[in-house]
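J.: One structure is given below, represented as structure tokens, and several questions about it will come after.
Computed from the coordinates by the stated procedures, all read-outs in this text should not be read as laboratory data. Since the structure is predicted, the reported quantities are computational estimates derived from the model, not experimental observations. Glycine gets a Cβ as well: all are built from the backbone with ideal geometry, and neighbour counts include every protein chain shown.
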Amino acid sequence: MELRQLRYFARIVEAGSLTKAAERLGLSQPALGQQLKKLEDEFRVPLLLRNSRGIEPTAAGRILLGFAADILLKADEAMVRLQDFADPGQGLVTLGLTPTTSGILAAPLIRRLAAEVPRLKLRIAEEMSSVLVEWVAAERLHMALAYNVTAMPGLRWEPLAEEPLVFVENTAGGKTNGGTITLAEAARHRLLLPDRSHTVRRLLDAVTAPLGLGLDIPYEIQSVATLRDLVIQGVGASIMPFGALRKEVAAGSLIAKRVVEPVVRRRLFFVYSNRRPLSKTEHIFKQLLRTLVIEEGPGALWFPVKRRGAK
């Protein structure tokens, strides 16, 4: 029995499909199937059942899965701790950011890394929160900053900050920036919003539905940049996170009012795998991220969340 075979077996069970597990592991399906067969031959019992729902562990497979989780965690922990003895502060960290958080944090983060941890290499991926969470779970990324994270096997998530949503429109007609607007008042406008795959849209739907507020959404636009441009041109208004338009508000091309009654906020989480402990280097990186969130999001942008520990 090899560690990689245990790891492959655990990934197959988690994916519920040999095909999906092979894709996540970067292997061909026949190669993964061969490794599984070797494991079953060694134990002389079937470990997986194939049915209409996909793949499920047998009784023997469930027993092995329990041992595999402990064995793999200990093996990863040993590797991380021994590598850290060699030289913390170097290596590669892969980080997922949404387009909004990337626009706020990427540049100052890289400047800080260059000054404080110059040997650490960083690879940033930009995607929607739901995709980033899936990539961390599949171990395509070491960690991510994502909004409104829901439970997913294999993940830990810690709240970092809360970001209020604002009502945004162009400056025509002498409208003034700042102040507040109720959600009911905002809902009377012609709104440009992303579709329901976006965390902001799902959050708004969840808040407005119990209140009986219908939203007039003639156009759904996934691109934040396009949405901003259309609001500036007067095609409609929008409800967005302030971080997505703070530059345009500062330049005077858009105005923003905080949404109240109720206040609508989305929560920013630090997301990472629970299958292995963070290395010393990753802990250094995590603390730097936490500091930047506080420094780069003053006032109406981000409100730091008091740390309650990982969920």
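J.: Indicate, rounded to the nearest 5 percent, the antiparallel portion of the DSSP beta bridges found entirely in the chain. Kindly include the intermediate steps, with their values, before the conclusion.
T.: Details: 29 of 46 bridges.
Of those bridges, close to 65 percent are antiparallel.
J.: So, one more: Assuming a viscosity of 1.567 mPa s and a temperature of 4 °C, what translational diffusion coefficient in µm² per second does Stokes-Einstein assign to segment 3-85, Rh being the Kirkwood radius over Cα pairs?
T.: Details: Rh = 13.3 Å.
For these conditions, the coefficient is 97 µm²/s.
J.: From the square roots a ≥ b ≥ c of the eigenvalues of the alpha-carbon gyration tensor of segment 40-199, which class results: rounded (a/c under 1.5), prolate (a/b over b/c), or oblate? Kindly include the intermediate steps, with their values, before the conclusion.
T.: Values: a/c = 3.68, a/b = 1.59, b/c = 2.32.
Cα axes put segment 40-199 in the oblate bin.
J.: Which loop-located trypsin sites (Lys or Arg not before Pro) does segment 6-63 contain, where loop means any DSSP state but H, G, I, E or B and the Cβ has at most 16 other Cβ atoms within 10 Å? Before the final figure, lay out the partial values.
T.: Values: sites: Arg7, Arg11, Lys20, Arg24, Lys37, Lys38, Arg44, Arg50, Arg53, Arg62; in loops: Arg44, Arg53.
Answer by residue number: Arg44, Arg53.
J.: Using alpha carbons only, how many angstrom separate the centre of segment 159-179 from the centre of segment 188-207?
T.: Segment 159-179 and segment 188-207 have Cα centres spaced 15 Å from each other.
J.: Output the 0 to 90 degree angle, nearest 10, between the alpha-carbon long axis of helix 280-296 and the longest principal axis computed from the alpha carbons of the chain.
T.: 10 degrees
J.: Give me Rg/Rg_expected for the chain, where Rg uses Cα atoms only and Rg_expected = 2.2 N^0.38 Å with N residues. Please report the intermediate quantities before stating the final value.
T.: Numbers: Rg = 23.1 Å, N = 311, 2.2 N^0.38 = 19.5 Å.
Working it through for the chain, the quotient is 1.19.
J.: Then there is this: Using only Cα atoms and rounding to the nearest 10 degrees, what angle (0 to 90) does helix 199-211 make with the longest principal axis of the chain?
T.: Result, in degrees: 60.
J.: Another one. For Thr100, Thr180, Thr208, what ranking results if the residue with the fewest other Cβ atoms within 10 Å of its Cβ goes first?
T.: Details: Thr100 23, Thr180 13, Thr208 18.
Lowest count first: Thr180, Thr208, Thr100.
J.: Given charges of +1 on the Cβ of Lys and Arg and -1 on the Cβ of Asp and Glu, with all other atoms neutral, how large is the dipole of segment 164-264 about its Cα centre, in debye to the nearest 20?
T.: Values: 11 positive and 9 negative charges, 40 e Å.
Value, rounded to 20: 200 debye.
J.: Over segment 164-264, how many percent of alpha carbon pairs lie in each 5 Å bin up to the one with the longest distance?
T.: 2, 14, 26, 29, 19, 8, 2, 0
J.: As a check on your grasp of the helix formula, calculate [θ] at 222 nm for the chain: sum -39500 (n - 2.57) over DSSP H runs of n ≥ 4, divide by the residue count, round to the nearest 500.
T.: Helices in the chain give a 222 nm mean residue ellipticity of -14500 deg cm²/dmol.
J.: Considering only C-alpha atoms, what is the centroid distance from segment 1-59 to segment 114-140, in Å?
T.: 28 Å
J.: For q = 0.19, 0.21 Å⁻¹, what log10 I(q)/I(0) does segment 126-221 give under the Debye formula with an equal point scatterer on each alpha carbon and no solvent?
T.: Scattering profile of segment 126-221, log10 relative to I(0): -1.02, -1.13.
J.: Right, here's the next one. How tilted is helix 99-116 with respect to the longest principal axis of the chain? Cα atoms for both, answer in degrees (0 to 90, nearest 10).
T.: The answer is roughly 70 degrees.
J.: Taking the dipole about the Cα centre of segment 3-85, with the C-beta of Lys and Arg at +1 and of Asp and Glu at -1, give me whichever of Leu64, Gln5, Gln34 is farthest to the positive side.
T.: Farthest towards the positive end: Gln34.
J.: Hand me the trypsin sites (Lys or Arg not before Pro) from segment 199-306 located in a DSSP loop with no more than 12 other Cβ atoms within 10 Å, in residue order please. It would help to have the intermediate numbers written out before the result.
T.: Working: sites: Arg201, Arg202, Arg228, Arg246, Lys247, Lys257, Arg258, Arg265, Arg266, Arg267, Arg275, Lys280, Lys286, Arg290, Lys306; in loops: Arg275, Lys306.
Here the trypsin sites (Lys or Arg not before Pro) that fit, given the DSSP loop and packing criteria, are Lys306.
J.: Another question, then. Long-range amide H contacts for Met128: which residues qualify at under 5 Å (H placed 1.01 Å from N, peptide plane, sequence gap of 5 or more or a different chain)?
T.: Amide H neighbours of Met128, under 5 Å, 5+ apart: none.
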